[in-house]
């Protein structure tokens, strides 16, 4: 707390927490999540990077070696060494789209300076990975999570579309057809059409227009479209937001959905009920609404993660939405929440 009683981030304590996660074993409850070890590693190293904590050369080299050891022989990355099966078992397809995204981000974070950043993906089998990514796309434009024994498995939600768009942007580059390393691109038109079909009646985004809208899905949809609009090299001017315009049929509806997410969370007014712990009381309509926290879905509690999902969606969607969003949130109140 500050001298005025306002809550402040204890940066040094926060750094100690992330360094503990980085340099020692995680607590035993994390054992069940071994398959997502790459995810935890990415969160940890990203947090240290955001807090301006430098990594040693040895630490960077160790991160890079470990990430590359999880590369699947048929393309993509596995979530942990538990799933990095021997080559003769490779057909089982233990690589997954989320682990592949986190692996590439970690390789970028492990690079020290601009020179290393240019070669951050030098150990990645780029061609095989992009071909594997193509195999994850369905005819309807959606993406699965894994390609297991010749079949696309996993839901059709927007998270996979976002991850696919990120991986494509990080690895594809400006390689032209006929050049060495060229790989056929994803079906971008069908991908945009799939995202377009995900907008719901309330303006939000879900796996389909018949599902419940969610602020996290909105972020993934807008993020995926924004990356499709972003040039694949650093010399091409940024084009108009064609994918954003095609992928969001009701921009005003999306803005309304996002603007409806802030409210004051009165936790002390709620009773402990394990069966309904993620729902507001039946008297939710009597709450004194304010621009403080955000929820992700209608009639749900506020959660700090939705400050990211909602705020990020508004930021990334510029100029489609951001120019209209002035005054939607009071940043000091959001930080206090």
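Pull out a ≥ b ≥ c, the square roots of the eigenvalues of the alpha-carbon gyration tensor of the range 124-243, then state rounded if a/c is under 1.5, prolate if not and a/b is larger than b/c, and oblate in the remaining case. Can you show the working numbers first?
Numbers: a/c = 2.43, a/b = 1.34, b/c = 1.82.
It comes out oblate by the Cα gyration axes.
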Enter the Cα centre distance for the pair the range 50-78 and the range 195-228, rounded to the nearest angstrom. 32
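How do 56, 313 rank when sorted from fewest to most other Cβ atoms within 10 Å of their own Cβ?
Values: 56 9, 313 28.
Going from sparsest to densest Cβ surroundings: 56, 313.
Taking 30 Å as R0, compute the FRET efficiency from the Cβ-Cβ separation of residue 308 and residue 148 and round it to 0.05.
Working: r = 31 Å, r/R0 = 1.04.
For residue 308 and residue 148, the calculated efficiency is 0.45.
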Rounded, prolate or oblate: pick one for the range 147-214, where a ≥ b ≥ c are the square roots of the eigenvalues of its C-alpha gyration tensor, a/c under 1.5 means rounded, and failing that, prolate if a/b is larger than b/c, else oblate. prolate
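So if we plug the beta-carbon distance of residue 212 and residue 58 into 1/(1 + (r/R0)^6) with R0 = 45 Å, what FRET efficiency do we get, rounded to 0.05? Kindly include the intermediate steps, with their values, before the conclusion.
Values: r = 47 Å, r/R0 = 1.04.
So, using R0 = 45 Å, E works out to roughly 0.45.
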State, to one decimal in nm, how far the label point of residue 179 lies from the label point of residue 49, with both points 7 Å from Cα in the Cβ direction. 2.4
To make sure I understand, if each residue's beta carbon is the centre and we count other beta carbons within 10 Å, what order do 83, 214 fall in, fewest to most? 83, 214
Taking the Cα-to-Cβ direction at residue 15 and at residue 188 and moving 7 Å from each Cα, how far apart do the two end points lie in nm? 4.3
Is the range 101-182 rounded, prolate or oblate when judged by the Cα gyration tensor, a ≥ b ≥ c being the square roots of its eigenvalues, rounded requiring a/c under 1.5 and prolate requiring a/b larger than b/c? prolate
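Readers should treat all values here as calculations from the given coordinates under stated rules, not as data from a laboratory. Here the structure is a predicted model, which is why all the values come from computation and not from measurement. All Cβ positions, even for glycine, are placed from backbone atoms using ideal geometry, and neighbour counts span all protein chains on display.
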